[in-house]
1. Could you list all residues from the range 26-40 that are charged (D, E, K, R) and surrounded by 14 or more Cβ atoms within 10 Å (Cβ to Cβ)?
2. So the check is Cβ under 6 Å with 6+ separation or different chains; which pairs have a first residue in the range 49-63 that's closer than 12 Å to Phe19 by Cα and a second one that's small (Gly, Ala, Ser)?
3. Residues to consider are Leu49, Leu4, Leu43; find the one that is surrounded by 10 or more Cβ atoms within 10 Å (Cβ to Cβ), modelled with pLDDT under 90 and out of contact with any Lys or Arg (no Cβ under 8 Å at 6 or more places or on another chain).
4. Kindly check whether there is at least one residue in the range 40-51 that is aliphatic (A, V, I, L, M), more than 9 Å from the chain's Cα centre (by Cα) and within 30 Å of Gly6 (Cα to Cα).
5. Tally time: how many residues in the range 52-67 are exposed (fewer than 15 other Cβ atoms within 10 Å of the Cβ), within 9 Å of the chain's Cα centre (by Cα) and assigned to a helix (DSSP H, G or I)?
6. Given the conditions (1) part of a loop (DSSP other than H, G, I, E, B); (2) over 13 Å from the mean Cα position of the chain (by Cα), and given that Thr17 satisfies all but one, which numbered condition is not satisfied?
7. Within the range 13-25, track down each residue that is under 14 Å from Met1 (Cβ atoms), among the acidic types (Asp, Glu) and exposed (fewer than 14 other Cβ atoms within 10 Å of the Cβ).
8. Which one is nearest to Ala59 (Cα to Cα), of the residues in the range 20-47 that are in contact (Cβ under 8 Å) with a residue 24 or more places away in the chain and assigned to a loop (DSSP other than H, G, I, E, B)?
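The values are calculated or read from the model by the stated rules, or taken from the named source; none is laboratory data. Note that this is a predicted model, so its numbers are computed, not measured. Cβ: placed from backbone, ideal geometry, glycine included. Neighbour counts: every protein chain shown.
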Amino acid sequence: MSRLTGLEQYVLRYWETEFPQIKPRKSKSGQRRYTKKDVDYILQVKQLLYTEGYTIVGARKKLNGRGDEDNALAVIESAKKELKEILEILK
């Protein structure tokens with residue numbers, strides 16, 4: 001898995017604790033068996049953290065769909081502030 005994703009094993013194990021969606025099964029000998037779904041999720045996390053610059057918490061929110069909600073709320077608050085400023089100018 002490390003060669004496939006370009007990540008060290010300890011990073012993958014840490015992400016398993018931080019992202020509950022990553023749940024590799026373990027064989028009888030204790031080796032982790034990642035599914036295609038796990039690999040896709042790991043690659044998404046890698047993209048968010050290493051390329052887009054998200055934090056662990058931010059990536060978790062984004063992948064849970066809450067990142068979009070937080071972004072929408074920030075845009076709404078910014079628009080409200082700008083509208084209030086325009087209203088003050090017009091008075």
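1. Here is the first cut: in the range 26-40, the ones charged (D, E, K, R) are 26, 28, 32-33, 36-38, 40.
Across the range 26-40, the qualifying residues are Arg32, Asp38.
2. So the pair list comes out as Lys61/Gly67.
3. Numbers: Leu49 fails: modelled with pLDDT under 90; Leu43 fails: modelled with pLDDT under 90.
Testing whether each residue is surrounded by 10 or more Cβ atoms within 10 Å (Cβ to Cβ), modelled with pLDDT under 90 and out of contact with any Lys or Arg (no Cβ under 8 Å at 6 or more places or on another chain) leaves just Leu4.
4. Of the residues in the range 40-51, the ones aliphatic (A, V, I, L, M) are 42-43, 45, 48-49.
Going one step further and asking which of them are more than 9 Å from the chain's Cα centre (by Cα), we end up with 42-43.
Add one more test, that the residue is within 30 Å of Gly6 (Cα to Cα), and what stays is 42-43.
Yes, the range 40-51 has at least one match.
5. So the answer is 2.
6. If we test Thr17 against (1) part of a loop (DSSP other than H, G, I, E, B); (2) over 13 Å from the mean Cα position of the chain (by Cα), just (1) comes out false.
7. Kept after step one, since they are under 14 Å from Met1 (Cβ atoms), are these residues of the range 13-25: 13-16, 22-25.
Retained after the next criterion (residues that are among the acidic types (Asp, Glu)): 16.
None - no residue of the range 13-25 is under 14 Å from Met1 (Cβ atoms), among the acidic types (Asp, Glu) and exposed (fewer than 14 other Cβ atoms within 10 Å of the Cβ), so the list stays empty.
8. First pass over the range 20-47, keeping only residues in contact (Cβ under 8 Å) with a residue 24 or more places away in the chain: 21, 32, 34, 39, 42-43, 45-46.
Then drop every residue that is not assigned to a loop (DSSP other than H, G, I, E, B), which leaves 21, 34.
Working: Gln21: 12, Tyr34: 20 Å.
Applying the filter and picking the extreme gives Gln21.
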